[in-house]
Amino acid sequence: MSGLERALVNVSTWLMALTGAAYFFMKYLMSGDDPFSVIHHPWQPHALSLHVIAGPAAVFALGLIARDHILARIVEPRQRRGRATGVVLVALTMPMIISGYLMQVLTDPAIKRVLMGVHVVSGALYIVLFAGHLVASMSARNGAKGGGRRAANGGIVPP
């Protein structure tokens with residue numbers, strides 16, 4: 001994955017996580033002054049707008065790395081580190097993306113509640129696994145650059 005692709009995926013993913021968490025906190029965990037208002041914080045509509053606007057950027061970033069990073073790593077038999085989190089991340093993208101888009105166009109309150117639950121759960125799992133995937137891939141990159149672990153006396157310890 002190129003540096004630009006990595007940056008696009010990281011920035012769009014963390015922007016989605018931050019704006020989604022901020023919106024969830026404001027909408028469901030805060031209470032406003034007016035008991036009849038659905039807006040509990042002045043920034044609530046802006047957090048939702050940023051989350052919705054950042055969505056296509058995140059989908060684009062995932063599409064950008066789909067062939068060369070995601071599919072190539074899944075079919076590579078020697079690929080080990082990061083594969084498990086990567087496969088689960090790919091599986092979580094569909095319910096997360098589909099529920100996010102459907103919440104914007106469907107109006108039935110019961111269906112929207114189900115979609116919201118699917119979106120929040122899949123999104124929260126996605127961001128936790130994404131962080132784990134980053135840790136696993138960073139340790140793999142650092143191991144590949146070093147060629148092995150260093151011993152206390154400065155020599156290389158074979159893996």
> Just wondering, is there one or more residues in the stretch 85-97 that are more than 14 Å from the chain's Cα centre (by Cα) and in a helix (DSSP H, G or I)?
Replying inline: no
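Could you grab me the full set of residues in the stretch 35-52 that are free of Cβ contacts under 8 Å to residues at least 24 places away in the same chain and not hydroxyl-bearing (Ser, Thr, Tyr)?
Quick first cut of the stretch 35-52, residues free of Cβ contacts under 8 Å to residues at least 24 places away in the same chain only: 35-46, 49.
Residues satisfying the conditions are Pro35, Phe36, Val38, Ile39, His40, His41, Pro42, Trp43, Gln44, Pro45, His46.
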> Would you pick out the residues in the stretch 75-90 that are open to solvent by 50 Å² or more (accessible area, probe 1.4 Å) and over 14 Å from Met1 (Cβ atoms)?
Replying inline: Val75, Pro77, Arg78, Arg80, Arg81, Arg83, Ala84, Val87, Val88, Val90
> Can you name the number of the only condition in (1) open to solvent by less than 40 Å² (accessible area, probe 1.4 Å); (2) modelled with pLDDT under 90; (3) more than 20 Å from the chain's Cα centre (by Cα) that His133 fails?
Replying inline: (3)
>> Return the pair list, or none, for Cβ contacts closer than 7 Å from residues in the stretch 104-118 that are on the phi > 0 side of the Ramachandran plot to residues that are assigned to a loop (DSSP other than H, G, I, E, B) and open to solvent by 80 Å² or more (accessible area, probe 1.4 Å), at least 6 apart or on different chains.
In response: none
> Hey, any hits in the stretch 59-71 for a residue that's farther than 21 Å from Gly3 by Cα and among the basic types (Lys, Arg)?
Replying inline: no
> Quick one: what pairs do we get from the stretch 20-34, first residue under 18 Å from Ala54 (Cα atoms), second open to solvent by less than 80 Å² (accessible area, probe 1.4 Å), C-beta under 6 Å, 6+ apart or different chains?
Replying inline: Gly20/His51; Gly20/Gly123; Ala22/Ala47; Tyr23/Ala47; Tyr23/Leu48; Tyr23/His51
> If we scan the stretch 49-60, do we find a residue that is of a type in the set (A, V, I, L, M), within 14 Å of the chain's Cα centre (by Cα), surrounded by 17 or more Cβ atoms within 10 Å (Cβ to Cβ) and farther than 20 Å from Val105 by Cβ?
Replying inline: no
>> Quick test for you: out of Thr93, Thr19, pick the one residue that is hydroxyl-bearing (Ser, Thr, Tyr), in contact with a His (Cβ under 9 Å, 6 or more places away or on another chain) and open to solvent by less than 70 Å² (accessible area, probe 1.4 Å).
In response: Thr19
>> Whether any residue in the stretch 39-50 is farther than 26 Å from Gly117 by Cβ, of a type in the set (A, V, I, L, M) and in a helix (DSSP H, G or I) is what I want to check.
In response: no
> Across the stretch 98-119, what is the total count of residues that are open to solvent by 80 Å² or more (accessible area, probe 1.4 Å) and either among the aromatic types (Phe, Trp, Tyr) or within 18 Å of the chain's Cα centre (by Cα) (or both)?
Replying inline: 2
> In the stretch 13-20, is there at least one residue being β-branched (Val, Ile, Thr) and at pLDDT 95 or above?
Replying inline: yes
> Just one of Gly63, Gly82 is under 24 Å from Ser99 (Cβ atoms), within 18 Å of the chain's Cα centre (by Cα) and not hydrophobic (A, V, I, L, M, F, W, C); which is it?
Replying inline: Gly63
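The values are calculated or read from the model by the stated rules, or taken from the named source; none is laboratory data. Note that the structure is a prediction, hence the values are computed from the model and not measured. Please note: Cβ atoms are built from the backbone with ideal geometry, for glycine as well, and neighbour counts cover all protein chains shown. SASA here: full protein model, heavy atoms, side chains in, ligands and nucleic acids out. Shrake-Rupley method; radii C 1.70, N 1.55, O 1.52, S 1.80 Å.
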